[in-house]
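> To start, I am sharing the structure in question, which I have written as structure tokens.
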Amino acid sequence: MNVIAHRGYSGCYPENTMLAFRKAVEAGCDGIELDVQLTKDGKVVIIHDETVDRTTDGTGNVRDKTLADLRTLNAAHTWGTTFPKEPIPSFEEYCEWAATVPITTNIELKTGVVYYEDIEKKTIDIITKYNLIDRVLFSSFNHCTLISAKKIAPSIPVGALVGEKGLVNAGYYCKKYGFDFYHPSYKTLNEAAVAELEKFGIGFNVWTINDMAELEKMYAWKASGLITNYPAVCRAYLKGKV
Ligand code: G3P
Ligand code: CA
């Protein structure tokens, strides 16, 4: 069962920053989940929202700013004086670092609100440049994006993110469309859904597990991965099970 740090170690550090990624590795995570979007000058950048408003000291759309514009912003802004300035990471900067640590990366392609042109190819080109093709997994709420990524790089596994109510027959759906994993919210999962996934041989990486009761339930249901804001807690729990 893999411990996947959601936006890095985002429970204790500014989300989607290199600081949160480094701290997740120190906490013993197996993988890191992060979100990518495209800048005005077509660079792949790590940020959750389509705007910079919530997570930085700036305002406006990611797609209207160049990478150089974005790098002037502080992605640790909402933490006040707790942390020094943390820039928004480029995906290239992340991959250069990820190549030096023994982790996998779940890259969520954020194409549900803005369909960024060629984001799949641009992301795969960087993954290839840093020789990370065997250590990444794509996910997206936009399943067309997953199909596009599979066409370009068939060996990279993909996970179908589903929100709101989930999908009662996700195993059948994932098998039919060639999605390797199902990525449900823990709120939507139940025993019947887990049994259906097992029937079709589809693993599931569940989000966002920040609660002991849910952690125990996912352990019992043999989740493939736990996407969590608190990787140290999940790691300690799993160590206690060995
Ligand atoms: O990948 C799981 C989770 O990150 C999906 O939701 O909004 O946190 O990107 P969100
Ligand atoms: Ca995400």
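For every residue, the table says whether it meets (1) over 19 Å from residue 159 (Cβ atoms); (2) open to solvent by 60 Å² or more (accessible area, probe 1.4 Å); (3) at pLDDT below 95.
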site	(1), (2), (3)
183	no, no, no
192	yes, yes, no
197	no, no, no
208	no, no, no
216	yes, yes, no
219	yes, yes, no
222	no, yes, no
230	yes, yes, no
233	yes, yes, no
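> Can you tell me which residue among 113, 62, 101 is in contact (Cβ under 8 Å) with a residue 24 or more places away in the chain and within 25 Å of residue 26 (Cβ to Cβ)?
101
> For segment 1-16, how many residues meet the condition of being open to solvent by less than 40 Å² (accessible area, probe 1.4 Å), farther than 15 Å from residue 80 by Cα and away from ligand 1 (no atom under 13 Å from the Cβ)?
Count: 2.
> Could you say which residue among 170, 149 is of a type outside the set (Val, Ile, Thr) and either more than 16 Å from ligand 2 (Cβ to nearest atom) or within 17 Å of residue 202 (Cβ to Cβ) (or both)?
170
> Would you please list the contacts, defined by Cβ atoms under 6 Å and residues six or more apart or on different chains, that run from a residue in segment 85-97 that is in contact (Cβ under 8 Å) with a residue 24 or more places away in the chain and among the polar types (S, T, N, Q) to a residue that is assigned to a strand (DSSP E or B) and open to solvent by less than 50 Å² (accessible area, probe 1.4 Å)?
Every condition considered, the pairs that remain are 90/45.
> Among 133, 103, 147, which is the only one that is open to solvent by less than 20 Å² (accessible area, probe 1.4 Å) and at pLDDT 95 or above?
103
> Next question, about the same structure. Go through segment 48-92 and give me each residue that's surrounded by fewer than 16 Cβ atoms within 10 Å (Cβ to Cβ), among the small types (Gly, Ala, Ser) and in contact with a strand residue (DSSP E or B) (Cβ under 8 Å, 6 or more places away or on another chain).
60
The values are calculated or read from the model by the stated rules, or taken from the named source; none is laboratory data. As the structure is a prediction and not an experimental result, all values here were calculated from the model. Cβ atoms come from the backbone with ideal geometry, glycine included; neighbour counts cover every protein chain shown. Heavy atoms of the whole protein, side chains included, go into the accessibility calculation; ligands, DNA and RNA do not. Shrake-Rupley method; radii C 1.70, N 1.55, O 1.52, S 1.80 Å.
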